[in-house]
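Worksheet: the structure to be examined is printed underneath.
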Amino acid sequence: MISDKLQDLRQAAKVSSENNSGKLWSVIVGNEELINEIVYLTTTSKKRVKVVFRKHIVIKKSFIQKKFDFILLFGYSDNIKELSYISKDKGGAYIRIAPFYVTNEPNLMFLVGLEENIKKFVGDAEKSNPGISILLEDKTTGFVEADLNIKFIPKLLKTLISPLFNVDDVVLSTVLMSINNIENVENVEKIAKSNKIFIKSLKDIKSYFNSNK
């Protein structure tokens, strides 16, 4: 009951902060084609949105490797919202990070990975009691590409077989979380990486925001 009320308060604060904010951050997750389109749209935004960084993720497991892309954006709230709506319409996932979180939540970090890996990460992290709080989360399916990671298979045969491993029920997630104690940050990062999750600290996001007002 208490956790539900806290979640409601956070959501209300998020909406209020977004509506009153000149600028926002956004993490958009999808396949290479979607992220290429988002990058193109940022270049036509007359510098109202900047690409902070982009990442191509490859997760190798046995003879299969799974691939997806994501991007971190920073810019004016109207443009960020438009880009996030476009990504959602095309099946991607996104989270928008309002200044409220930067000001009020400790040790902000965001994660991108397969939902099954993120669930295991949360379970492993709780065992060491790091005091993490999940603030925002979004998911998408069907955006993970897979191919065979076998060198001795002819390229043509590999091209024909790889699409058989692309399954629509694979869930890709992006999460914003805070960590109560700074002493636990390094441990949380290690747990995330051991679960094949991309994790990025936003400890410098305040200075980035201030330098780009």
Query raised in the report: When the residues of the stretch 66-102 are filtered to those that are outside any strand (DSSP E or B) and among the aliphatic types (A, V, I, L, M), which remaining residue is farthest from Leu34 (Cα to Cα)?
Result: Val102
Report task. Scan the stretch 138-154 and give yes if some residue there is at pLDDT 90 or above, in contact with a strand residue (DSSP E or B) (Cβ under 9 Å, 6 or more places away or on another chain), surrounded by fewer than 16 Cβ atoms within 10 Å (Cβ to Cβ) and not in a helix (DSSP H, G or I), otherwise no. Result -> yes
Report task. Among the residues of the stretch 69-92, write down those that are under 17 Å from Ile199 (Cα atoms) and either touching a Gly at 6+ places or on another chain (Cβ under 7 Å) or of a type in the set (Lys, Arg) (or both). Result -> Asp69
Report task. Go over the candidates Ser162, Ser178 one by one and state the one that is among the small types (Gly, Ala, Ser), modelled with pLDDT of 90 or more and within 29 Å of Gly91 (Cα to Cα). Result -> Ser178
Query raised in the report: Going by the structure shown, is Val171 modelled with pLDDT under 80, under 21 Å from the mean Cα position of the chain (by Cα) and among the β-branched types (Val, Ile, Thr)?
Result: no
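Among the candidates Leu41, Leu83, Leu72, Leu111, single out the residue that is touching a helix residue (DSSP H, G or I) at 6+ places or on another chain (Cβ under 7 Å), under 27 Å from Pro130 (Cβ atoms), at pLDDT 90 or above and surrounded by 14 or more Cβ atoms within 10 Å (Cβ to Cβ).
Leu111
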Query raised in the report: Can you name the residue in the stretch 181-213 that is under 15 Å from Ile132 (Cα atoms) and in a strand (DSSP E or B) and, of all such residues, is modelled with the lowest pLDDT?
Result: Ser201
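Being modelled with pLDDT of 50 or more and among the basic types (Lys, Arg): is that true of Lys5 here? Before the answer, list the steps.
Numbers: modelled with pLDDT of 50 or more: no; among the basic types (Lys, Arg): yes.
For Lys5, the condition - modelled with pLDDT of 50 or more and among the basic types (Lys, Arg) - is not met.
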Requested in this report: Assess whether Ile57 counts as being at pLDDT below 90 and under 19 Å from Asp138 (Cβ atoms).
Outcome: yes
Query - Among (1) surrounded by fewer than 17 Cβ atoms within 10 Å (Cβ to Cβ); (2) in contact with a Lys or Arg (Cβ under 9 Å, 6 or more places away or on another chain); (3) closer than 30 Å to Glu183 by Cβ, the one test that Pro106 misses - result: (2)
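The values are calculated or read from the model by the stated rules, or taken from the named source; none is laboratory data. Just so we're clear, the structure is a prediction, and the values are computed from it rather than from any experiment. Glycine gets a Cβ as well: all are built from the backbone with ideal geometry, and neighbour counts include every protein chain shown.
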